[in-house]
1. Which loop trypsin sites (Lys or Arg not before Pro) in the range 185-224, with loop taken from DSSP, have no more than 11 other Cβ atoms within 10 angstrom of their Cβ?
2. So how many Å³ per residue does the convex hull of the Cα atoms of the range 1-152 work out to?
3. With the dipole of the range 100-254 worked out from charges on the C-beta (+1 for Lys and Arg, -1 for Asp and Glu) around the Cα centre, which of Leu140, Leu253, Val225 lies farthest toward the positive end?
4. Can you work out the Karplus-derived ³J(HN,Hα) for every residue in the range 59-65? Use 6.51 cos²θ - 1.76 cosθ + 1.60 with θ = phi - 60°, whole Hz, and x for glycine or proline.
5. So for the chain, taking the charge dipole from beta-carbon charges (+1 Lys/Arg, -1 Asp/Glu), which of Thr65, Thr102, Gly156 sits furthest toward the positive end?
6. Quick one: which residues, 5 or more positions from Ala89 or on another chain, have an amide H under 5 Å from its amide H? H modelled 1.01 Å from N in the peptide plane, none for Pro or chain starts.
7. Please express the shape of the range 150-254 as an equivalent ellipsoid: the semi-axes are the square roots of 5 times the eigenvalues of the C-alpha gyration tensor, given largest first in whole angstrom.
8. Quick one: Cα centre-to-centre distance for the range 1-67 and the range 154-179, in angstrom?
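Quick note: the coordinates plus some simple rules give every number you see, no bench work behind them. Treat the numbers as computed from the prediction; the structure is a model and nothing was measured. For neighbour counting, all protein chains shown are included, and Cβ atoms are generated from backbone atoms with ideal geometry for every residue, glycine included.
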Amino acid sequence: MIDTHTHIYETEFDADADEVVARAKEAGVSMVLLPDIDAASYPRMLAFQKRFPDFCRMMCGIHPTSVNENYKEELKRFEREIDRHDFVAVGEIGMDLYWDKTFVAEQRLVFEHQLAMAVERDLPVSIHCRDAFAETIASLKKFDPAKLRGVFHAFGGVVDNAREIFACGRFKLGIGGVCTYKNAKFAERLPEIPLESLVLETDAPYLTPVPYRGKRNEPAYLQYVAERLAVLYGVTAEKVDTITTRSAREIFLL
Ligand SMILES: [Zn+2]
C-alpha cells in the first residue's frame, strides 16, 4: 500500500518516528508521501525525508490555511524550493473556507499560482478542499484538463462531486479513515465511484480510522481503510491494495 498523504514529519511523531515507520512497513505500507504545509514545517519535512529516504517522498506547496498577510513570503519560498528537490507533487494546495474566510482572495491567488507552476513542470497536485468545493472547481477549470492531474485529498463527497472533479483533469480521490466511521454517509455510496479512481491515505496524525478513532493516526492504520474499502466494494483487501497502489504510482510517477 502507498499512503498518499501523511504528516508524520510533524512534532507528534518526534518521540517514536522509527517505530512508526517500522510499524507501517510491517502493516504493508511500502511508501508514504509527505505534503508540505508552510515555511514553518518545511525544514522538518526535509529532515524526515533524509532520515527515511527510501520510504518517504515529498511534495512542495502552501496549505490554504497557511495563506495570510505573509502570503508573498510563502510564495517566494515555494518558487525558490520547487526545483531544488525531487518533489513528486505540488501540495498540499487548495481552498479552505471552514476556519476563516478573511484571505479568500489570497487563497485563490496562491492556489492558482501553484496550479500553474505544477502544470508548467508536469507535476501532479494534492488538493485540500474544505467548505470550498465550488471555489476549488472554479480555479481548476481555468486550466486545460489534459494538463492537470493529481489527488483530491480527504474526499468525502458523492458521485456528483466526483464527476465534477474528474472533468477537471486526471484526478483520483484520496480516501482515509473517515470511511470507517459509522456516521460517514458518503462511504455507503462510494462504490458508485470505480475503485480505480481511489487512492489510500491516512492524513496522519488526523482522521484516525476505527478501531483507533480518537487516538493519533499513523500510516500503519492504512490497513483499516483498505479493509473497509474491501467490504464496501465486495473485493479482497489485497485487490484494494493492488488497484490503489497502481493508481498512486500512475499519478505520482513512483
Ligand atoms: Zn494534509
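1. Lys215
2. So the per-residue Cα hull volume is 114 Å³.
3. The listed residue farthest towards the positive side: Val225.
4. Along the range 59-65, the couplings run 10, 10, x, 10, 5, x, 6 Hz.
5. Going by the charge dipole, the pick is Gly156.
6. Here Cys60 satisfy the definition.
7. 20, 15, 14
8. Answer, in whole Å: 23.
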